[in-house]
Amino acid sequence: MKTVQLTPQELQERISRFDKLQPMSTMQDIAHVSQEGRDIVFARKLMPVVLEKTASPFGNVAPIYGAAGMSLWVSICPPGQGPALHAHHKTYETFTVLEGAFEFRLNDTGDLKVVLNKWDTLSCPPGVCRGFRNIVPDKDSVLLTVITGGVHDRNDISFPPSVAEELNQVGPGVLEAFEKIGFTFDAGVEVGAR
């Protein structure tokens with residue numbers, strides 16, 4: 001088998017340095033939304049490591065591009081914080097706790113709960129609502145998130161209508177800001193029942 005030889009430049013394009021990671025690029029698009037509003041939808045610090053060069057409400061800027069349909073993120077959440085229930089329609093989302101502990105809520109109402117501690121992993125299949133929050137009372141918790149599926153399936157996320165209501169409580173224009181970057185708020189709603 002003939003192998004591929006990387007150049008030094010190509011090698012550098014395949015490396016991500018943690019101390020150089022930046023928050024996802026769509027944070028700039030919603031900079032006018034309060035931290036309270038952003039905390040409902042995203043991990044406080046959501047930093048992409050590997051992305052595909054495709055449309056996504058999570059942005060398209062990362063240190064590494066192209067890994068056969070896999071995206072990789074580091075999420076850092078302060079005590080009590082984490083994203084609300086949401087569903088990925090076509091992609092798997094796999095979580096590994098790197099530091100601390102998270103409570104995961106699953107299903108349309110979040111009634112199924114599980115706690116993951118350091119090094120524990122949960123792989124959530126497409127179509128299942130999931131949300132999580134840091135349950136360590138006095139320090140940040142860190143999560144590695146891997147999303148896998150079709151290269152162009154990154155814009156497949158929706159939130160239940162209850163999350164839209166929560167965002168509307170934060171203030172005017174908050175829900176619309178998230179809709180503008182590509183999120184929908186119809187997870188768990190039967191087609192034709194809207």
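Here are some notes:
- Only listed residue being in contact with a strand residue (DSSP E or B) (Cβ under 6 Å, 6 or more places away or on another chain), farther than 20 Å from residue 169 by Cβ and either crowded, with 17+ Cβ neighbours inside 10 Å or among the charged types (D, E, K, R) (or both), chosen from 57, 48, 79: 48
- Residues satisfying the criterion are present in the stretch 108-131 (criterion: surrounded by 15 or more Cβ atoms within 10 Å (Cβ to Cβ), touching a Pro at 6+ places or on another chain (Cβ under 7 Å) and within 14 Å of residue 43 (Cα to Cα)).
- Among (1) farther than 24 Å from residue 183 by Cα; (2) surrounded by 14 or more Cβ atoms within 10 Å (Cβ to Cβ); (3) touching a residue at least 60 places away in the same chain (Cβ under 8 Å), the one test that residue 139 misses: (2)
- Residue in the stretch 111-129 that is in contact (Cβ under 8 Å) with a residue 12 or more places away in the chain and farther than 27 Å from residue 67 by Cα present: yes
- For residue 34, the stated conditions do not hold, so it cannot be described as surrounded by 15 or more Cβ atoms within 10 Å (Cβ to Cβ), of a type in the set (Ser, Thr, Tyr) and farther than 19 Å from residue 184 by Cα.
- Pairs are defined by a Cβ separation below 7 Å, a sequence spacing of at least 6 or placement on different chains, a first member in the stretch 1-27 that is in contact (Cβ under 8 Å) with a residue 12 or more places away in the chain and surrounded by 10 or more Cβ atoms within 10 Å (Cβ to Cβ), and a second member that is in a loop (DSSP other than H, G, I, E, B) and of a type in the set (Gly, Ala, Ser); the pairs so defined are 24/59; 25/59; 26/59.
Any read-out appearing in this document is the output of simple, stated calculations on the displayed coordinates, not a laboratory observation. This one's a predicted model, so the numbers in the text were calculated from it and none came from an experiment. Cβ sites come from the backbone with ideal geometry, for glycine too, and all protein chains shown count toward neighbours.
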